[in-house]
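Q: For reference, the structure I am asking about is given below.
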Amino acid sequence: MFSRRVPSDLRPNALAERRRRAPAPFDLTVSNPTACGIPYPEDLLAPLSRPSGLLYRPDPSGIEAARGAVAADYRRRAAEVDPRRIVLTASSSEAYSFLFKLLCDPGDAVLVPVPSYPLFEHLAALDGVRAVPYLLDPADGFRPALDGPLPGRVRAVIAVHPNNPTGSFLDARGAEDLREACRGAGAALIVDEVFLDYPLSRPDPPPTLAAETDVLTFALGGLSKSVGLPQLKLSWIVASGPAPVVEEALSRLEFLADNYLSVATPVQLALPLLLSAGAAVRRAIRERCLANLGVLSRAVSAVPALAAPPPEGGWSALVRFPAVVAEERLALDLLERDGVAVHPGYFFDFPSEGWLVVSLLPDPETFAAGASRLVARIASHLDGAGPGGPRSVRPRGD
Ligand SMILES: Cc1ncc(COP(=O)(O)O)c(C=O)c1O
């Protein structure tokens, strides 16, 4: 009776089941910035209640003033973006869905980075598209490791800049490798830049890919990360590349968006003020992430066998541990014995065992307590590793 787009087995995994029964007091997986004590200006949402919002103004690609505000915001990222090349959506997930519909027929494929955002597989499947993985190589700073020409029927290559959860930016060489692959296959590039405003290894972010000239490119951004307001449901797609193909893509995207009209009028009208007030929220979130990162680095440095490779940007960090214990066992132990919730690396398809992912958003006390319990738990596994000491990390499937 049902389509194969939705998985037939929707039972929670062991970790999710355990967390459902007893929430962890030290939750290092929070991704909702509005639920971890980040200070937001009290009047931030006041522009939503302006009377002009009483008039419904359906405009498939977005109200002109709202698109203008997004374009103006790109000047902060040193890019000149034409507002006519912007399409507003309700979320980045919806932006992906529009782009998959724009570029792919059922059964076509999109190339997705691994390790990365676990939703890609579902988002692709929900549009009848296959997600084909390409490796971000841990031994090469998580740079894309594309192997030869793209497989047939690949219509788009996705990059996440900076990537979630590895925190790695797409550098000039990586970007050129992806462009080259797209040129060879006549595919488009989709660059998810939702975390671009959060550099952690440098004061300013690296360049956006929202103003490409050569390959058809779609850069994604949105309020959920840029202003820490996922509940407002407003994101954007910026199309760039050779003018004729961009024009064609935009008119087709407008057709797609016209069938949904999903972005609310009041949030579009409020967008110029929300984007300008967003600087304070961004600063608070970035400071939180940097402070928690410092705490994590100090905690991890107490155990020489552990490493916390410094993320270049984003809201999460990695902990690398020797494979004396499987990721899932360790994550369950942390939950059941220490009350600490973390994501095991396999959740993001890391190519080998021995990775944990932690969010840098939690409030400082929760984060410090969680990080020190995490390190102590791994140290106890290392102590129990026997006279041969810890085994080295093996590739998955060994
Ligand atoms: C890489 C990446 N893209 C997009 C999103 C979701 O953005 P939105 O809330 O706009 O759908 C996330 C959420 O964590 C993410 O990690």
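Every number here is computed from the coordinates shown, using simple stated rules; none is lab data. Everything numeric in this text was worked out from a predicted model, so none of it was measured. FYI the Cβ positions are ideal-geometry reconstructions off the backbone, even for glycines, and counts take in every protein chain you see.
Q: What are the chymotrypsin sites (Phe, Trp or Tyr not before Pro) within the stretch 277-370 that DSSP puts in a loop, where the Cβ has at most 10 other Cβ atoms within 10 Å? Please list the in-between numbers first.
A: Numbers: sites: Trp315, Tyr346, Phe347, Phe348, Trp355, Phe367; in loops: Trp315.
For chymotrypsin sites (Phe, Trp or Tyr not before Pro) across the stretch 277-370 that sit outside H, G, I, E and B with at most 10 neighbouring Cβ atoms in 10 Å, the list is empty.
Q: Another question, then. How large is the dipole of the chain about the Cα centre if only Lys and Arg carry +1 and Asp and Glu carry -1, each at its Cβ, rounded to the nearest 20 debye?
A: Details: 40 positive and 45 negative charges, 129 e Å.
Computed about the Cα centre, the dipole is about 620 debye.
Q: In whole Hz, with x marking every Gly and Pro, tabulate ³J(HN,Hα) for the stretch 269-284 from phi via Karplus 6.51 cos²θ - 1.76 cosθ + 1.60, θ = phi - 60°.
A: Going residue by residue, I get 5, 7, 4, x, 6, 4, 5, 6, 6, x, 4, 5, 5, 4, 4, 5 Hz, with x marking Gly and Pro.
Q: Modelling each spin label as a point 7 Å along the Cα-to-Cβ direction, I'd like the Ser297/Ser380 distance in nm, to one decimal.
A: Simple spin-label model gives 2.9 nm for this pair.
Q: Let me ask something additional. Through the Karplus equation 6.51 cos²θ - 1.76 cosθ + 1.60, θ set to phi - 60°, convert the phi angles of the stretch 218-223 into ³J(HN,Hα) values in whole Hz; use x for Gly and Pro.
A: 10, 9, 10, x, x, 5
Q: Something else now. Between Arg173 and Ser262, what is the FRET efficiency for a Förster distance of 35 Å, r being their Cβ-Cβ separation, to the nearest 0.05?
A: The value I calculate is 0.40.
Q: Using 0.36 nm per residue, how much length does the chain from Asp204 to Ala139 gain when fully extended, once their Cα-Cα distance is taken away?
A: 20.9 nm
Q: Between the stretch 169-200 and the stretch 35-55, what is the separation of their alpha carbon centroids in Å?
A: The stretch 169-200 and the stretch 35-55 have Cα centres separated by 33 Å.
Q: With a sphere of radius 12 Å drawn around the Cβ of Asp197, what net charge do the other residues whose Cβ falls strictly inside it have (Lys, Arg +1; Asp, Glu -1)?
A: For residues surrounding Asp197, the net value is +3.
Q: Between Asp333 and Leu119, what is the spin-label point distance in nm, taking each point 7 Å from the Cα along the Cα→C-beta axis?
A: Placing both labels 7 Å beyond Cα along the Cβ direction yields 3.3 nm.
Q: Let me ask another. Using only Cα atoms, find the angle between the long axis of helix 243-258 and the longest principal axis of the chain, and express it within 0 to 90 degrees, rounded to the nearest 10.
A: So the helix axis and the longest Cα principal axis differ by about 80 degrees.
Q: Hull surface divided by four, with the convex hull built on the Cα atoms of the stretch 47-277: how many nm²?
A: With the hull built on Cα positions only, its mean projection is 11.9 nm².
Q: Counting only helical runs of four or more DSSP H residues, what would the 222 nm mean residue ellipticity of the chain come to if each run contributes -39,500 (n - 2.57) and the total is spread over all its residues?
A: Per the formula, -11000 deg cm²/dmol.
Q: Additional query: In the stretch 47-277, with Lys and Arg counted as +1 and Asp and Glu as -1 at Cβ, which of these residues, Leu88, Val246, Gly174, has the Cα nearest the positive end of the dipole, that is, farthest along it?
A: Of the listed residues, the answer is Leu88.
Q: For the chain, what are Rg and Dmax over the alpha carbons, in angstrom?
A: Spelled out, the Cα radius of gyration and Dmax of the chain are 21.5, 73 Å.
Q: Roughly what % of DSSP beta bridges within the chain run antiparallel, to the nearest 5?
A: Details: 23 of 43 bridges.
Counting only bridges with both partners in the chain, antiparallel ones make up about 55 percent.
Q: May I pose another question? Place a +1 charge on the Cβ of each Lys and Arg in the stretch 47-277 and a -1 charge on the Cβ of each Asp and Glu, then give the dipole magnitude about the Cα centre in debye, rounded to the nearest 20.
A: Charge dipole of the stretch 47-277: 520 debye, to the nearest 20.
Q: Using the Karplus curve 6.51 cos²θ - 1.76 cosθ + 1.60 with θ = phi - 60°, work out ³J(HN,Hα) for each residue of the stretch 295-311 in order, rounded to whole Hz, and write x for Gly and Pro.
A: The phi angles translate into 4, 5, 4, 5, 5, 5, 5, 6, 10, x, 6, 9, 9, 10, x, x, x Hz.
Q: Further, regarding this structure: If you put +1 on each Lys and Arg Cβ and -1 on each Asp and Glu Cβ, how big is the dipole of the stretch 1-145 around its Cα centre, in Debye rounded to 20?
A: 240 debye
Q: Here's something else I'd like to know. Taking H as built 1.01 Å from N, whose amide H comes closer than 5 Å to the amide H of Leu229, not counting residues under 5 places away?
A: Amide H neighbours of Leu229, under 5 Å, 5+ apart: Ser224.
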